[in-house]
1. Name, by its number, the condition in (1) under 23 Å from the mean Cα position of the chain (by Cα); (2) of a type outside the set (A, V, I, L, M, F, W, C); (3) open to solvent by 30 Å² or more (accessible area, probe 1.4 Å) that does not hold for GLN321.
2. Among the residues of the stretch 223-244, is there at least one that is touching a His at 6+ places or on another chain (Cβ under 9 Å) and of a type outside the set (A, V, I, L, M, F, W, C)?
3. Examine the stretch 361-370 for a residue that is touching a Phe, Trp or Tyr at 6+ places or on another chain (Cβ under 6 Å), of a type in the set (Lys, Arg) and surrounded by fewer than 19 Cβ atoms within 10 Å (Cβ to Cβ), and state whether such a residue exists.
4. Among the listed residues ASP457, ASP473, which satisfies the condition of being open to solvent by 10 Å² or more (accessible area, probe 1.4 Å) and not small (Gly, Ala, Ser)?
5. Do any residues in the stretch 366-381 that are in contact (Cβ under 8 Å) with a residue 12 or more places away in the chain and closer than 17 Å to ASN245 by Cα have Cβ atoms under 6 Å from those of residues that are of a type in the set (A, V, I, L, M) and open to solvent by less than 20 Å² (accessible area, probe 1.4 Å), where the two are at least six apart or on different chains, and which pairs are they?
6. Between residues in the stretch 334-358 that are among the basic types (Lys, Arg) and residues that are open to solvent by 30 Å² or more (accessible area, probe 1.4 Å) and not in a strand (DSSP E or B), which pairs lie under 9 Å by C-beta distance while being six or more apart or on different chains?
7. Need the failing condition index for PHE544 against (1) in contact with a helix residue (DSSP H, G or I) (Cβ under 7 Å, 6 or more places away or on another chain); (2) closer than 19 Å to MET456 by Cβ; (3) not in a helix (DSSP H, G or I), just the number.
8. Of all residues in the stretch 718-744, which are within 28 Å of the chain's Cα centre (by Cα) and more than 22 Å from ASP701 (Cα to Cα)?
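The values are calculated or read from the model by the stated rules, or taken from the named source; none is laboratory data. Just so it is clear, the model here is predicted, and its values are computed rather than measured. With ideal geometry, Cβ positions are generated from the backbone for all residues, glycine too; neighbour counts draw on all protein chains shown. Surface accessibility is based on the protein's heavy atoms, side chains included, excluding ligands, DNA and RNA. Shrake-Rupley method; radii C 1.70, N 1.55, O 1.52, S 1.80 Å.
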Amino acid sequence: MLPHRRLKSHTKQKHMCTNERLTTDVSKLKLSEAVPLAPWTHWPSGEMDEEAARSDDNRLWPINESATAPIAQNGCPDLICTMLFRCGNLQFKESQFPFGCSPDQANGTFRKRNSAFPGKTQSHNFICFRLRGSPMAFLPGQVRSLRLIFLLTTVTASAITLAQNAPTIYDPRLTFAPLTLPDPVNAYRSSNGAPGPSYWQNEASYELHAELDPAAKQLRATEIITYTNNSPDTLPSLWIQLEQNIYRKDSRGQVLFGSFMRRRRDNPTTNATPENTSTDGFVFDFVEIESGKQTVKADYLVSDTRMQIRLGQPLRPRGGQVKIHIKYHYQIPGVWGGRTSWGMSMQGEIYDMAQWYPRMAVYDDLRGWDTLPYIGSEFYLEYGNFDYFLTVPSNMLVAGSGELINPKDVLTRTEIERLDQARNSDKTVYIRNPDEVTNPASRPKQDGTLTWHFHMDRSRDVSWSASPVFVWDAARINLPDGKTSLAMSFYPPESVGPDAWDKSTEYVKDTVEHFSKQWYPYPWPAAINVAGFSTGMEYPGIVFDGIPDHGPFLFWVTAHEIGHDWFPMIVGSNERRHAFMDEGFNTFIDIDESATYANGKYGPKRDSEYSAGGEPPDTILKVLDNPDAPTLMALADSYGFALGHPVSYFKGAYGMVLLREQILGPDRFDWAFRKYIRDWAYKHPSPSDFFREMDSEGGEDVGWFWRGWYLNNWKYDVAVDKIEGSAVTISNRGQLVLPTTVEVTFQDGTKTRTKLPVETWMSRGTYTWTLEKKTPIASVVVDPDHQLPDENRSNNEMKAQ
């Protein structure tokens, strides 16, 4: 579908129908009482689409003789549009078209117009007006007499000027209304945005023993979950997440998305059909509750991707603990599995194992058990300690979250020596080089299996990858206070290349060091990048990227996925409810990493995550203009994949840029954001906590920004209206406000800049000020550095007459 086009002030639009003028009696309507809405919007016949028809600022509200009563009855927007026009031999009359007050009715009118004369290609133009005051102020007779002058030959300069200088629809009472945040202040969450004095959080620790069966493409495992109830509530039941159940044929995810549910980039699945893109999900051999020295069969039920365990003895509050024993197995999805999969590289299989064990749901102070099903969006998990053992064929290397506890059991002496060398090297060191991949001597044994033991503390999850064809390299990560970690990469031989995965460990190292210095120290013993089939996905201490990735894209995707170690792995927000708190925050910190790595070699960041194809102030308008775009507060699963990057990634990150660069300034923003990260590390913040902390520590009440950018998709548009001597008048024509720089150029060539605070618009929509310098003004321009998301830049500049 083609988007609507707006005519610029310098444009003259020619039409197929000429020499036809519709005269309009406007004697009953004072134009000063009407506000043009999307003036001179033009849709060629046949190009009108549903998206444009539904757009808030482009609706045409057709009327007939009795239009006034229904408008008042339905409480519809107070819009009046022309209905009578003529084009050649075709004449449209009011009685031909239905009127209505909903987008659907308006869209139906457009369809009727376009289908009324099939095969015709006449161009139709309309102007809509928003009437100030109650719609009942206009009587039916007055509505009938309303005719708007419309000239089809050209859009004249005088009409454009009238449209540009029309009064604004900005309402300061809405922008600056008192803001009540969704989550209230209480003993658990303080007014300054930090955890309250009585904040509590439950814990989930895991012991896992898993065996990979490559022949059957199956994982068999046992787990012991130690769950601690730190809440003030007695829990009669427990909820557990079963993400592998999304691959069942009857899952909610399959019903919604079918075989396209989680297919990853670069992994086309030509045979993706319901028959070969489903499994039985988790199959349980037993689920038991430990009671004293014995275990008893659990009373449980499975509902889609969740399990409820009904306890015989309720779990007491403030420290009550229970152990859950589960034995299970499941079929490992192929590359269609998306976030978890197995696939065949050129020389051998790669298994990316994620969501591989039943995981405790979160019980929090906001809504008790958070049991949103897994239908595509990501995760919300408790923190705890992990001890896990992975039994795999002996020819495989395993990359796992956390620290490898038994290197002597699973590595050769040469590999152990190289690993020790890497721990002390800022340069990348091969642990197993490409030439050794096919050499049996690179493994400590040539048959049977080996068991790899990993441990990770204070984490919300663990993941791993295994393959017989991994190249493996590593380097030291230098952290604040003299601490270190280890950057590592695992990838098949076809990924080797000086512009490809040879650089991966360097990218990981630089990213972790930069974020640790700038925001919060990296807490875990290793940070790993794996080239496999579950591309572009993150877990604590390990990320999965693409086998063919190289060049700037490999840098960007590595920095982004590693950046998720901060959001949401350290700061544990709820990804299924508030995607901007992980994707948006992470994309925001990625911007600086792109700008600083190798003196900006891969900057500025302009990829699919952030402002692809242009500059942020311009490309964000596509998001704000999209009537289907949700607000940043929408549930992550409530909008499709096509809107995921534009909204949660791009708009979320650009909002942080505006907050840092335009509203608070770097010093205040960085102080406040670092405190937010420290306060909520390994905890569960909500958007309200973030808003309050940035307000409190940033020293600014920016409720107008939270409302306009996060709770709504409001637009910003500031215009230069008039220059009279040394006085300049500007107006705010959008509902969003931002601190705005205005530059005045004088006829002697000198310039002066004024930064107008948002309070300029607190009680009015226009502002006039007289400059101290009396030298004649040559021109005035709003946002001279092109930093703000101005909806209409054609009104940003005016030259003195």
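1. (1)
2. Residues of the stretch 223-244 touching a His at 6+ places or on another chain (Cβ under 9 Å): 223-225.
Within this subset, residues satisfying the condition of being of a type outside the set (A, V, I, L, M, F, W, C) are 223.
So far as the stretch 223-244 goes, yes, one or more of its residues are touching a His at 6+ places or on another chain (Cβ under 9 Å) and of a type outside the set (A, V, I, L, M, F, W, C).
3. No: zero hits.
4. ASP457
5. As it stands, the answer is THR371/ALA361; TYR374/ILE246; SER377/ALA636; TYR380/VAL362, since those pairs meet every condition given.
6. ARG339/ARG264
7. Status for PHE544: all satisfied but (1).
8. Within the stretch 718-744, ARG733 is the sole residue that qualifies.
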